[in-house]
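Encoded as structure tokens, the structure appears first; notes follow it.
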There are 4 protein chains.
Amino acid sequence: MCRWMAYSGNPVPLETLLFNAQHNLIDQSMSSRSAETPTNGDGFGVGWYGPRQQPGLFRSIRPAWNDFNLRDLAAQIDSRLFLAHVRATSLATIQETNCHPFRHGRWLFVHNGEILEVEKLRRELLLAVDPALFGGIQGTTDSELMFHLALTFGLQDDPLPALARMAGLVERTGRAYGVNEPLWMTIGVSDGESIWAVRYASDGDAPTLYYSRDAKDLVELNPDIVRVLGEHARAIVSEPIGRFAEIWSEVPQGAAMHAKGGAIEVVPFSPSG
Amino acid sequence: MCRWMAYSGNPVPLETLLFNAQHNLIDQSMSSRSAETPTNGDGFGVGWYGPRQQPGLFRSIRPAWNDFNLRDLAAQIDSRLFLAHVRATSLATIQETNCHPFRHGRWLFVHNGEILEVEKLRRELLLAVDPALFGGIQGTTDSELMFHLALTFGLQDDPLPALARMAGLVERTGRAYGVNEPLWMTIGVSDGESIWAVRYASDGDAPTLYYSRDAKDLVELNPDIVRVLGEHARAIVSEPIGRFAEIWSEVPQGAAMHAKGGAIEVVPFSPSG
Amino acid sequence: MCRWMAYSGNPVPLETLLFNAQHNLIDQSMSSRSAETPTNGDGFGVGWYGPRQQPGLFRSIRPAWNDFNLRDLAAQIDSRLFLAHVRATSLATIQETNCHPFRHGRWLFVHNGEILEVEKLRRELLLAVDPALFGGIQGTTDSELMFHLALTFGLQDDPLPALARMAGLVERTGRAYGVNEPLWMTIGVSDGESIWAVRYASDGDAPTLYYSRDAKDLVELNPDIVRVLGEHARAIVSEPIGRFAEIWSEVPQGAAMHAKGGAIEVVPFSPSG
Amino acid sequence: MCRWMAYSGNPVPLETLLFNAQHNLIDQSMSSRSAETPTNGDGFGVGWYGPRQQPGLFRSIRPAWNDFNLRDLAAQIDSRLFLAHVRATSLATIQETNCHPFRHGRWLFVHNGEILEVEKLRRELLLAVDPALFGGIQGTTDSELMFHLALTFGLQDDPLPALARMAGLVERTGRAYGVNEPLWMTIGVSDGESIWAVRYASDGDAPTLYYSRDAKDLVELNPDIVRVLGEHARAIVSEPIGRFAEIWSEVPQGAAMHAKGGAIEVVPFSPSG
């Protein structure tokens, strides 16, 4: 199981949330309490929106906690919107092209979860990717494939319906190959302005997803840093953080959220045909 | 352009040919004279047949000349048949899963050259891979795809016809997408007993391929080491080696060779339907 | 805190104990239960005695559990005596030259523990290294420094007295700089025939050290593999392994052991002047 | 032999000079014409002054030309003053802590050249480093040692005299150990405001060092980018660049230069006692 977070608010150094917050993502990556995946040491990535049109991307197969370069970059780089991800897998190969976020133009994508028995479905799903997008697939994860399916279905025009069609295709394809409840996911997507996040599983038991309702809530992360985050700051996280679980609002099963400029909207999510 | 070599003969430490021979593959990788590809620093791999059924594989995205572990392993590991490869590319991503040799069961595969405009053909060619083999594709190179196509066409039963069918498919697919002369290659393949090698290009101008006729020829590589190689030792190389070009026999354009136990046979090669 | 193991017995593939045993070192590296060091993902190394005079060495800064090359090498390489180590550190830099084992000629050295406040003592201790050995120090760990001090004091002639003098020097130097109880260690050393191991801490509270009394005990690790290990097989481990703690004999505080050809001797150990 | 460059001028994305200029440092690293060191594939580093007090540092042991992360960072990060370095070595180990630039507080340091027979002198020179600075040495290069000697001699107060004392110490130490002409160097140093550079060798035959007299000269590098560099832009480079050698002013043997805000001063340099 992976972990991820997304931030939107005042421009801050990446380290503010990646390293300096209490129970930050890097610390979490070293000490999962989950029995199945004792550590998230199988790669790391951060994608950030900065001064260029295209977001920057730094991905590494080193564990996040021992990457000198990440530490330095997180101190130097300011961003008003970024997504970060730590990976734990026994499935796809450990290589940088399998690390999240995935990027297409201005878009970034992170995923926690999996397509069950993806080895049975992968070829069929790949065929459904728009041939014009096919060459953009550089790795071998189910996550990158899900991103390219969503792009095929119009993610850049209308993200939630495209994600719903992706989910629908995965479920139909699963059933066709005898995998009845194939999808298990939380997803984070951004175009640099909005963040969309989805929590959904075929069996109704998706991994967790939380968001901060208000910048005041984030004060618990680190009183020193919250002032700089600004009143419209919001964070979205895949896992409850430490002893402050109460400050986070849980996104329900089968739901999607949209965050932009401090406003957050939560709507139902279900796969579509 | 990549470089590769294959060796068959007495069991010797890998370093005997990889590091200790004059004009060895590692030295070559640092000092190509070719204007287009000034260095082969984009990854390295060696596959060797040792005490197990399956060959061993060591691949690294470090340049071969600065990999401590390679140096040590090459000193410790004895093999009677191995294939080694150094990579130079501006195409597929630099990652270990894109480094040669590729392996399937007892089989190893190395390639120099490319499928021209492969980005136009890749999806179509992937569809032709046996679905049962599809999941074995871990990287994004044209080379690994060619290997899986040849496996699809029966490489493990009869290698040269399978390679001919692969070449035929690549050319037909190329023409269908407006790439008239798509294939440019030398290939090395082994099952641990034989080595097969092919030199072919759609336009008749394939990269070079050489072999040693006799163990005595190899004495030029390093007089000290040849005695240990044994009388049946043979080497196959993608490029003439330094000032000893005269000791190598060139495999002609559109030809394949088969080396086993010191015997070498060269036959014509052309793509088939 | 690091973890290490040493094996002596019939030649076996490294994977037999590194990957295939229950509660093997690699699994341990992912799931430490210790609160301070939640995972051992800061590098890995194995040194093995094979067909050459000098042992082989494979060290990597990847976590052991996600290193393809390690997996392959562990399957291909047979050894009758090897030492393996997984690292967890917040101290010295993560780089291959800081990964254990350290090697000097035929000798290998692994360490768990630390010299407390080593930053105060490092320069002084470096000065005590034989200038002829000084150039052999390639990294920045206290462990490599301890090895070179022991070499300076005659490790290759008489290991335990040399380790005692090393420990004595560290303690005297510590006291001179206001670090009263600086040493905290278990150590494993081999020349390819014997294994010596030491458990010692200045404050009497050294990390744990265990050995198998008898090859029959190892049957608990994996019934399938023990037959191949041979009747003289012995393993030495830094940490009790899973639910089989009872099969391991604990080396007491302030003690050293010597294992050779199935015979094990435990003697007191204390620093010397 | 390594290569390096320094830039001072308008804030520009690092890629402007690292990747987009004709004959840029990355291209150079792949195609040295020097017979001894055919390629600079043994690591890369860039240090840049950005929004923080301390400069950022990105160092990698991958060849610069195949590092995804470098490519992305160079596109995202703007800097008004940076130093970059590509390494070629058969001496010190390939590891990130041996990659330039080296950093101490606000200071960055790059070096091309070597201390001859440094293995004889290293221990003695290390002893001359201020014990308070000793712990800052993380790697094993002669370059990092030279930097820490210069820091010991007051680099942060008055750079050129400190570098002269460092050079003097290296030469005296060399002679004491029978190495009569030990020093061979160009050096670049910055505090984020000025760049100092030195060209000196004990035998009067130091590697080359060049600077641009005027922003207009840089137009040759890439007409599109020069406008953004600004009128005070200056570049300092270790090697003449391609066919535009005439636009560069050569720093003479035994000389130092100081560049600040477009003004450049060249003065004699000789080691001091």
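Per residue of C:60-68, how many C-beta atoms from partner chains lie within 10 Å of its own C-beta, taken as a mean?
The mean count of partner-chain Cβ atoms within 10 Å per residue comes to 6.
The chain C residue nearest the rotation axis shared with chain D, using its Cβ and rounding the distance to whole Å, is C:Q95, 2. Comment: the Cα-to-Cβ extended label point of C:L133, at 7 Å, lies 2.9, 5.6, 6.2 nm from its counterparts in the other copies, nearest first.
Model label points for A:Q253 and B:V267, set 7 angstrom from Cα along the Cα-to-Cβ axis, are 6.2 nm apart. Between D:A162, D:A88, D:A132, the residue with the greatest mean-square fluctuation in the GNM of chain D (Cα pairs under 10 Å linked by springs) is D:A132. Over all pairs of different C-alpha atoms in the range A:98-153, the reciprocal of the mean inverse distance, the Kirkwood hydrodynamic radius, equals 11.5 Å.
When only alpha carbons of chain A are considered, Rg and Dmax amount to 17.3, 53 Å. Residues whose amide H lies under 5 Å from that of A:F269, counting only those 5 or more places away or on a different chain, are A:A255, A:A256; hydrogens are built 1.01 Å from N in the peptide plane. Within the listed set D:F68, D:F109, D:F153, the residue fluctuating most in the Gaussian network model of chain D (springs between alpha-carbon atoms under 10 angstrom) is D:F68. Mean separation of Cα pairs under 8 Å and 6 or more residues apart, divided by the residue count, gives chain A a relative contact order of 21 percent.
What's the long-distance tail for the protein assembly as shown, i.e. % of Cα pairs beyond 49 Å?
Working: 170243 of 595686 pairs.
Counting every Cα pair in the protein assembly as shown, those more than 49 Å apart make up 29 percent.
Looking at the protein assembly as shown, what % of its DSSP beta bridges pair antiparallel, to the nearest 5? If we restrict to bridges inside the protein assembly as shown, about 100 percent are antiparallel. Take D:V267, move 7 Å from Cα toward the beta carbon, and the resulting point lies 6.4, 6.9, 7.9 nm from the same point in each other copy, nearest first.
Just check the range B:155-219 against the gyration tensor rule for me: Cα atoms, a ≥ b ≥ c as the square roots of the eigenvalues, rounded for a/c under 1.5, and otherwise prolate or oblate depending on whether a/b exceeds b/c. Oblate is the answer for the range B:155-219, as a/c is 1.5 or above yet b/c matches or exceeds a/b.
For D:P252, the label point sits 7 Å beyond Cα toward Cβ; its separations from the matching points on the remaining copies run 6.6, 7.7, 8.3 nm, from shortest to longest. Legend: helices of chain A (whole DSSP H runs) are marked when their alpha-carbon atoms reach 20 angstrom or more along the helix axis and their mean Kyte-Doolittle hydropathy is at least -0.5; marked are A:159-176.
Provide the FRET efficiency to the nearest 0.05 for the C:L133-D:E193 pair, computing r from the beta carbons and using R0 = 45 Å.
Values: r = 43 Å, r/R0 = 0.96.
Efficiency, rounded to the nearest 0.05: 0.55.
With a cut-off of 16 Å on the backbone N, the residues of the range B:130-144 near the modelled label site 7 Å out from B:Q156 along Cα-Cβ are B:130-137.
For the range B:249-264, the Karplus equation 6.51 cos²θ - 1.76 cosθ + 1.60, evaluated at θ = phi - 60°, returns couplings of 8, 8, 6, x, 3, x, 9, 10, 10, 10, 10, 8, x, x, 8, 10 Hz by residue, with Gly and Pro reported as x. Once backbone amide H atoms are built at 1.01 Å from N, D:W184 has D:E114, D:L116, D:S202 as its partners under 5 Å, excluding neighbours fewer than 5 places away on the same chain.
None of the figures in this text is laboratory data; all of them are computed from the coordinates on show. Bear in mind that the values here come from a model prediction, so they are computed numbers and not experimental data. Quick reminder, even Gly has a Cβ in these numbers, built from the backbone with ideal geometry, and neighbours come from all protein chains shown.
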